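The values are calculated or read from the model by the stated rules, or taken from the named source; none is laboratory data. None of these values were measured; they are calculated from a predicted model. Neighbour counts are summed over all protein chains in view; Cβ atoms, including those assigned to glycine, are modelled from backbone coordinates with ideal geometry.
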Amino acid sequence: MLAFSNDYYGMIFRATQSVELFCAYNNMTKIYSLNSDVKFPDMEHYDMGKASDMALYLAHCDFYPFRSVIENNKIALDAIDESYRNLAEEARLKNDFFTEQWAMTSGTLHSCRVDLLTQYSLLLTMVSLLEEAVNTLCRLYHNINHLDKEVKDIKGSGLERAAKYLKDVVGIDGFTADKQWEYITVIRDARNMVVHNGGRIYKEFDKYDKFKIGYREEDHQLYLEYNDIVKMYDAILDFMDRTFRIIP
């Protein structure tokens, strides 16, 4: 049986990456993605003497530039997809069946797997930034208001623990009553499915259906696209903009 070393597979993988990056760069420069603006918060619009505004400013420092990460990933993925299609068409015209087949296979794998895994990565990062932002809000209230308890003293974990701290210790009643709270928790649950189950859902399908978070029927694996990530991003940012400025 013919076997190849890991070095051989590594060489093929790196060569494929190089082709993808080269094609993506050529296409990206055509649409001037490198010149796109990256939004960043202006400190003048925040009262840095308040825990709420300070926490929101720090959250915006993470979330505003992250929108550019989402957009640039979209540009790169589309550029690579277009490059594979162009390579396949050029090879077809030259009767180069081997290259045409390679480009079509690579393009299919890119669309079916690489795109999805990229959206998963964006979801993981986005929810992590949200959880850190909410925990930062709790820590700032503790430090500025000289509160006895810290968020770590509250039983539970994640967003629910932070919400309980804000209600019971800080005195903010309405964090979980926000109109986006249910959607935010479902986004978080989708992240957990990616982390723990490889993106597969095993129960509570109704909540994903309610917010139109797609999954494949055959194996119940979450299927996320660019528009899903943008929708989630906008909902999280909208949620923070409202809830972080609730007055105790």
Exercise for the section: May I ask you to verify whether Y120 is hydroxyl-bearing (S, T, Y) and more than 29 Å from G198 (Cα to Cα)? Expected result: no
Practice task
Might you check whether a residue that is within 19 Å of I70 (Cα to Cα), of a type outside the set (S, T, Y), in contact (Cβ under 8 Å) with a residue 40 or more places away in the chain and not in a loop (DSSP other than H, G, I, E, B) occurs anywhere in the stretch 171-186?
Solution key: yes
Practice task
Determine which member of the set I172, I75 is modelled with pLDDT of 90 or more, in contact with a Phe, Trp or Tyr (Cβ under 9 Å, 6 or more places away or on another chain) and either closer than 30 Å to V195 by Cα or not hydroxyl-bearing (S, T, Y) (or both).
Solution key: I172
Practice task
Specify the residue that is nearest to A235 (Cα to Cα); the eligible residues are those in the stretch 79-128 that are surrounded by fewer than 16 Cβ atoms within 10 Å (Cβ to Cβ) and touching an Asp or Glu at 6+ places or on another chain (Cβ under 7 Å).
Solution key: S111
Exercise for the section: Test each condition in (1) at pLDDT below 90; (2) aliphatic (A, V, I, L, M); (3) surrounded by fewer than 17 Cβ atoms within 10 Å (Cβ to Cβ) for A24 and report the one that comes out false. Expected result: (3)
Fill in the blank from the handout: Residue count, the stretch 202-245, condition over 17 Å from the mean Cα position of the chain (by Cα), in a loop (DSSP other than H, G, I, E, B) and surrounded by fewer than 18 Cβ atoms within 10 Å (Cβ to Cβ), comes to 9
